[in-house]
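Scroll down for the structure; my scribbles are underneath it.
The values are calculated or read from the model by the stated rules, or taken from the named source; none is laboratory data. Since the structure is predicted, the reported quantities are computational estimates derived from the model, not experimental observations. Neighbour counts run over all protein chains shown; Cβ positions are idealised from the backbone, glycine included. Note: accessible area is taken over every heavy atom of the protein model, side chains too, but ligands, DNA and RNA are not part of it. Shrake-Rupley method; radii C 1.70, N 1.55, O 1.52, S 1.80 Å.
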Amino acid sequence: MRSSLYRESARLPSPWSGGGVNATRHEEFRAYVAERGPVLLRQAAQLTSDRTEAEDLLQAALAKTYLAWDRIEDRSALDGYVRRAMVNTQISWWRRRKLEVYPTDQLPDRPVADHTDRSEMHDALGRALRRLPERQRLAVMLRYYEDMSEREIAEVLGVSVGTVKSTVSRAMARLRELY
């Protein structure tokens, strides 16, 4: 996430083009985003309860902060400025969405989602994974549940990358046979 925010800040047009001092300010902002981005994203996620909306909210707040960078004299107050921008932006977005909802006396018929299929699939997958040998089960879990690369798995398990590839391949073939 840190590099993503840093790349986004690098693409913003600089209102301080030219001059060494202006370039320094631009670099200060980029360094601030690189350092504080993950913390600010967690705070945005608390405001929105959705990862995608949190990223959008943080990006909007950082754009406002970038434009006001010259006016913010106390650099220790930057987090507070960004948080206030996030809160204000979230309230604005919430009000805009609120206007799209109209009260009515009649409730619409809504189908209730049936989660039994997902639950049954989860149970079947758990049973299938338990039937694998421990090393294969661990490799599959690290690869597909933890989303680790083959090199990372090899380091964790203390084996070669080729061993990880063949172990995962055999495990997936076994799972296909079982189900």
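Observations on the structure shown:
- Couplings 3J(HN,Hα) of segment 37-47, computed from phi: x, x, 5, 5, 5, 4, 5, 5, 5, 5, 6 Hz, in residue order, whole Hz [Karplus 6.51 cos²θ - 1.76 cosθ + 1.60, θ = phi - 60°; x for Gly and Pro].
- Only protein heavy atoms count here; under a 1.4 Å probe, His122 has an accessible surface of about 130 Å².
- Highest-first arrangement of 32-41, 58-67, where packing means the average Cβ count within 10 Å: 58-67, 32-41
- Prolate/oblate/rounded label for segment 73-176 (Cα gyration tensor, a/c 1.5): oblate
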